[in-house]
Amino acid sequence: MKYMIVSLLGGEVQKYHQGLVEEIAVKFGVDFLAKQKVPTHFTLKDIFETEDISLLDDKLKEFSRIHKPARISLEGYNRFDDNVIYMDIKLSEEARVLYMQFIHMLKEISWMQWSPYDDENRVFHCSLAYFDIKEKYKDICRYLLSNYSYAFEALFDNIAIYYSKTGETWELYKSYPMT
């Protein structure tokens, strides 16, 4: 089974993000992300595969029990090449330390697979459109920059595991709130 680990974002951030994802999908006819129905989040650990999630489940229960939430901020748009448009996320120093402790904990799991993005250089973001945007990404970027600006303060206050049998749609396995 395929899994990914994220931190879910709610409230005003979620409303704003989901509204933009839907608007971009309708206005520009690029609905790959919208069809996936992925909740508003930022990725902590890229996709990996395992048949037994129990060790990770135990580690995340413990990690979330002993760690406190940390501040993040969201402001501005950016892109990866011409294939992903996203909302920028900046981690506070406390959130960056929390993330590095999370990665250190994951490295204790011998079967965990790693991507080049699973480290301290991760670009934290909240995707607005990807995969099917190559021909329209400049128009989408211009549209966002001309019509929308935002600034949100939020918390890195949970860790959630999502799974997929196909790699196309994702479902919540479990969420671990930090207190």
Please state which of the following conditions SER110 fails to meet, knowing it meets all the rest: (1) over 29 Å from ILE140 (Cβ atoms); (2) of a type in the set (Gly, Ala, Ser); (3) under 15 Å from the mean Cα position of the chain (by Cα). (3)
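Determine, yes or no, whether ILE66 is farther than 15 Å from SER7 by Cα and either of a type in the set (A, V, I, L, M) or in contact with a Pro (Cβ under 6 Å, 6 or more places away or on another chain) (or both). So that I can check it myself, show each step before the final result.
Numbers: farther than 15 Å from SER7 by Cα: yes; either of a type in the set (A, V, I, L, M) or in contact with a Pro (Cβ under 6 Å, 6 or more places away or on another chain) (or both): yes.
Considered against the rule, which asks whether it is farther than 15 Å from SER7 by Cα and either of a type in the set (A, V, I, L, M) or in contact with a Pro (Cβ under 6 Å, 6 or more places away or on another chain) (or both), ILE66 comes out as yes.
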Give just the number: which of (1) among the acidic types (Asp, Glu); (2) surrounded by fewer than 16 Cβ atoms within 10 Å (Cβ to Cβ); (3) farther than 22 Å from MET1 by Cβ does GLU108 not satisfy? (3)
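Working only within the stretch 26-57, note down all residues that are charged (D, E, K, R), under 23 Å from ALA154 (Cα atoms) and modelled with pLDDT of 90 or more. Even if it seems obvious, please write down each step before you answer.
Going residue by residue through the stretch 26-57, those that are charged (D, E, K, R) are 27, 31, 35, 37, 45-46, 49, 51-52, 57.
Adding the requirement that they be under 23 Å from ALA154 (Cα atoms) leaves 37, 45-46.
Once the filter is applied, which keeps residues that are charged (D, E, K, R), under 23 Å from ALA154 (Cα atoms) and modelled with pLDDT of 90 or more, the stretch 26-57 yields LYS45, ASP46.
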Just checking, does the stretch 159-177 include any residue being acidic (Asp, Glu), within 30 Å of LYS61 (Cβ to Cβ) and buried (at least 18 other Cβ atoms within 10 Å of the Cβ)? no
If you take the residues in the stretch 64-78 that are crowded, with 17+ Cβ neighbours inside 10 Å and in contact with a strand residue (DSSP E or B) (Cβ under 7 Å, 6 or more places away or on another chain), which one is modelled with the lowest pLDDT? TYR77
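Every residue, every condition in (1) of a type outside the set (Asp, Glu); (2) free of Cβ contacts under 8 Å to residues at least 40 places away in the same chain; (3) closer than 17 Å to TYR3 by Cα, yes or no:
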residue: ASP81; (1), (2), (3): no, yes, no
residue: LEU91; (1), (2), (3): yes, no, no
residue: ARG96; (1), (2), (3): yes, yes, no
residue: HIS104; (1), (2), (3): yes, yes, no
residue: MET112; (1), (2), (3): yes, no, yes
residue: ASP139; (1), (2), (3): no, no, no
residue: LEU145; (1), (2), (3): yes, no, no
residue: LEU155; (1), (2), (3): yes, no, no
residue: TYR162; (1), (2), (3): yes, no, yes
Is one or more of the residues making up the stretch 120-143 at pLDDT below 90 and over 26 Å from ILE24 (Cα atoms)? yes
Could you tell me whether any residue of the stretch 37-44 is closer than 18 Å to SER149 by Cα and crowded, with 20+ Cβ neighbours inside 10 Å? yes
Starting from the stretch 47-64, take each residue that is under 22 Å from THR166 (Cβ atoms) and list its partners that are of a type in the set (Gly, Ala, Ser), counting only C-beta distances under 9 angstrom and pairs at least six apart or across chains. ILE47/SER115; ILE47/SER164; ILE47/GLY167; PHE48/SER115
For the stretch 16-25, check the following and say yes or no: at least one residue is in contact (Cβ under 8 Å) with a residue 12 or more places away in the chain, exposed (fewer than 15 other Cβ atoms within 10 Å of the Cβ) and over 16 Å from the mean Cα position of the chain (by Cα). yes
So, of the residues in the stretch 79-91 that are surrounded by fewer than 14 Cβ atoms within 10 Å (Cβ to Cβ) and part of a strand (DSSP E or B), which turns out to be nearest to the chain's Cα centre (by Cα)? LYS90
Does ILE89 satisfy the criteria of being modelled with pLDDT of 95 or more and touching a Phe, Trp or Tyr at 6+ places or on another chain (Cβ under 6 Å)? yes
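The values are calculated or read from the model by the stated rules, or taken from the named source; none is laboratory data. Note that the coordinates shown come from a computational prediction; the quantities given were computed from them, not determined experimentally. Neighbour counts run over all protein chains shown; Cβ positions are idealised from the backbone, glycine included.
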